[in-house]
Amino acid sequence: QLQNKILILTICSAGIGGTFQYGYNISIINAPATYIQAFMNTTWLERTGAPLDSNVILLLWSFTVSAYPLGGLTGAVVAGPMAIMLGRKMSLLLNNVFVIIAAALSGFSRMAKSFEMIMLSRFFTGVNAGVSMNIQPMYLAESAPKKLRGAVALTSASFTALGLVLGQVVGLRELLGGEENWPFLLASNVVPALIQLTALPWFPESPRYLLIDRGDKESCISALQKLRGTSDLSAELEEMLAEQAAVKGQRAKNPWELFQNPSLRWQLVSIIVLSSAMQLCGNDSMYFYAAYVFQEAGIPPDKIPYVVIGTGSCELITSVTCNMIIDYAGRRPLLLGGYIFMAGWAIVFMVALSQQTQISWMPYLSMACIFAYILSFGIGPAGVTGVLPTEVFDQMSRPAAYMICGSLLWFNLFLVGTAFPFIVKRLAHFCYIPFLVVCVCTALYVGLFLPETKGKSFLEISEEFRKRNFKTKTRSGFYKGPEEIKTTTL
């Protein structure tokens, strides 16, 4: 069907220059790390005649790595106003300017003998990722039919995982990971940007944005016809008009207004808990441990990069699987299952690490834990977390909600990246205890407080949260939850 093709092509055009860049830019920086540090030292030596102290090189490298989440935080903050003023599609297109600037800076950094250009380049790359991580799920969820909304919005996670794997592949020594090619590797992120700039203009803007934010009914119907074909649009249009009537006279909200609004209390708590847990659950730290564990398992050092690609592939496989089942299984079971399994694997992983040198087969168990942890993360938390802000907030609150989500995501990424080496130093083999606590607490929150949003219209979801925010006299099962947990803890 032509319409299904148009929806699929819209998803691909948004994804390739959107969340794909987030995953791709996280992984391409790993391969040339030693070469860039050597370049910093050489450049400084040429400038001053004295080499850099190893601690200073490490500090400069930390600044380079930290520039990415700092840019991401900036991107998350500007994404809200961009989505409101420019629209979802135009924001994604304009966002490519940041990557083009970044690619030019890193591509010419060696020629210009300036490592500062690499730092600046990573900042702009982060801004691009911050904007796309917020706007892409919003754009896709608003463009998708209700029965496919979860699967379509979840493609954002699949593109992140695809970017991660392709970044690992392109970073191999045989491709662009060699000493001579690192400027080209860092500048290769311009290719997805150019693909998006060529493809996305051919596809429609979010119909919801056109009708509810712009009040342009004709453009909305035209966009719906492109996305859905000649099938009867009256039911979907009626639902959108009802949502437009519900927010009539309102303007797009600012993030601080969400905190002041009692009718959004539970929605806000839910996205704060889940967005924080996504980075504080320790999935990214598994990649930190991967090379060490694989080495202990007896894999030759020159073969480790190929095995690490397997870890990225795990996330890709599970996010694609999650795409297929989210609209059948629902959001809650995937989140709950993901965090429960991660908590279990965290315990096994810590036991395996502590016995690594005592028992000969323990490194293989550690290796299995890494893959299992990443699989558990990919099946639920990785994708569902990005879908929820679109579903639980109305059109006027959604951009502000994504600003809060994105800011938390990037701040926590920075926090974990900074704190994890110290956690490892202090807790050694038991460094996953903080992550275990996060996984258990999040699983409890999801199990007790998060309603299911599968197959419901945005208005139905809003109504369900309204009942929770303003407790009615009829006590629902939701309010029995805290009583039950009290009795189990006694």
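Taking the Cα-to-Cβ direction at Thr198 and at Thr321 and moving 7 Å from each Cα, how far apart do the two end points lie in nm?
Going by the 7 Å Cα→Cβ label model, 3.5 nm.
For a quick protection proxy, order the peptides 275-287, 360-372, 247-259 by their average other-Cβ count within 10 Å, most packed first. Please list the in-between numbers first.
Numbers: 275-287: 22.8, 360-372: 17.8, 247-259: 13.8.
Packing proxy ranking, top to bottom: 275-287, 360-372, 247-259.
Could you pull out the pairs from Lys146/Lys454; Lys253/Lys456; Lys226/Lys248 whose alpha carbons sit more than 18 Å apart here? Kindly include the intermediate steps, with their values, before the conclusion.
On the way: Lys146/Lys454 9 Å; Lys253/Lys456 23 Å; Lys226/Lys248 26 Å.
Those over the limit are Lys253/Lys456; Lys226/Lys248.
Once you sort the root eigenvalues of the Cα gyration tensor of the stretch 257-471 as a ≥ b ≥ c, which label holds: rounded (a/c under 1.5), prolate (a/b larger than b/c) or oblate (the other case)?
Values: a/c = 2.40, a/b = 2.03, b/c = 1.18.
Verdict is prolate for the stretch 257-471.
Quote the relative contact order of the chain in percent (integer), defining contacts as alpha-carbon pairs under 8 Å separated by 6+ residues.
Working: 731 pairs, mean separation 108.2, N = 490.
Reported as a whole number, the value is 22 percent.
With each label point set 7 Å from Cα along the Cα-Cβ vector, what nm distance links Asn469 and Arg214?
Inter-label distance under the simple model: 2.8 nm.
Only Cα pairs under 8 Å and at least 6 apart count here; give the relative contact order of the stretch 1-203 as a rounded whole percent.
Values: 295 pairs, mean separation 81.9, N = 203.
Reported as a whole number, the value is 40 percent.
As a check on your grasp of the helix formula, calculate [θ] at 222 nm for the chain: sum -39500 (n - 2.57) over DSSP H runs of n ≥ 4, divide by the residue count, round to the nearest 500. Please list the in-between numbers first.
Working: 23 runs with 376 residues, N = 490.
The per-residue figure over the chain is -25500 deg cm²/dmol.
Round to the nearest 0.05 the FRET efficiency obtained for Thr48 and Val348 when R0 = 60 Å and r is the Cβ-Cβ distance. Walk me through the numbers on the way to the answer.
On the way: r = 50 Å, r/R0 = 0.84.
Efficiency at R0 = 60 Å is approximately 0.75.
How large is ³J(HN,Hα), in whole Hz, for each residue of the stretch 99-108 in order, when computed from phi with the Karplus curve 6.51 cos²θ - 1.76 cosθ + 1.60 and θ = phi - 60°, using x for Gly and Pro?
Result, ordered by residue: 6, 5, 4, 4, 5, 5, 5, 6, x, 9 Hz.
Round to the nearest 10 and report in Å² the accessible area of Ser219, as given by a 1.4 Å probe over the protein chains' heavy atoms.
Surface open to solvent at Ser219 totals about 40 Å².
Tell me the label-point distance for the pair Thr34, Gln358, using the 7 Å Cα-to-Cβ offset, in nm and rounded to one decimal.
Result: 3.4 nm between the two label points.
Using every pair of alpha-carbon atoms in the stretch 182-222, split the distances into 5 Å bins beginning at 0 and state the percent of pairs per bin, rounded to integers.
Distribution as computed: 6, 21, 15, 12, 12, 11, 8, 7, 6, 2 percent.
I'd like the projected area of the stretch 1-124, averaged over all directions, using the convex hull of its alpha carbons. Report it in nm² with one decimal. The partial results should precede the final answer.
Details: hull surface 37.2 nm².
For the stretch 1-124, averaging the hull's shadow over all directions gives 9.3 nm².
To the nearest µm²/s, what D does Stokes-Einstein give for the chain at 10 °C and 1.306 mPa s, using the Kirkwood radius over alpha carbon pairs as Rh? Intermediate results must be reported in sequence, preceding the final value.
Numbers: Rh = 23.5 Å.
Value of D from the Cα-based Kirkwood radius: 67 µm²/s.
Hey, can you rank 167-173, 135-141 by average C-beta count inside 10 Å, highest first? Can you show the working numbers first?
Values: 167-173: 20.0, 135-141: 29.1.
Descending packing order for the listed peptides: 135-141, 167-173.
Note down the relative contact order for the stretch 257-471 as a percent, whole number, built from C-alpha pairs under 8 angstrom at least six residues apart.
Numbers: 234 pairs, mean separation 82.8, N = 215.
Worked out over the stretch 257-471, it gives 39 percent.
For the modelled label position 7 Å from the Cα of Ala368 along Cα-to-Cβ, which residues of the stretch 314-346 have backbone nitrogen atoms closer than 13 Å?
345
Report, in degrees rounded to the nearest 10, the 0 to 90 angle that the Cα long axis of helix 190-199 makes with the longest principal axis of the chain.
20
Relative to the first principal axis of the alpha-carbon coordinates of the chain, what is the inclination of helix 33-48, with its axis defined by its Cα atoms, in degrees from 0 to 90 and to the nearest 10?
So the inclination is approximately 60 degrees.
Between Arg251 and Asp302, what is 0.36 nm times their sequence separation minus the Cα-Cα distance? Round to one decimal in nm.
Details: separation 51, 0.36 × 51 = 18.36 nm, distance 5.68 nm.
Length gained, Arg251 through Asp302: 12.7 nm.
Treating the angle as unsigned and between 0 and 90°, give the value, to the nearest 10°, between the Cα long axis of helix 2-16 and the longest Cα principal axis of the chain.
Compared with the principal axis, the helix lies near 40 degrees.
The values are calculated or read from the model by the stated rules, or taken from the named source; none is laboratory data. Being a predicted model, the structure only gives us computed values, none of them experimental. Using ideal geometry, Cβ is built from the backbone for each residue, glycine included, and neighbour counts are taken over all protein chains shown. The area values use the complete protein model at the heavy-atom level, side chains included, leaving out ligands, DNA and RNA. Shrake-Rupley method; radii C 1.70, N 1.55, O 1.52, S 1.80 Å.
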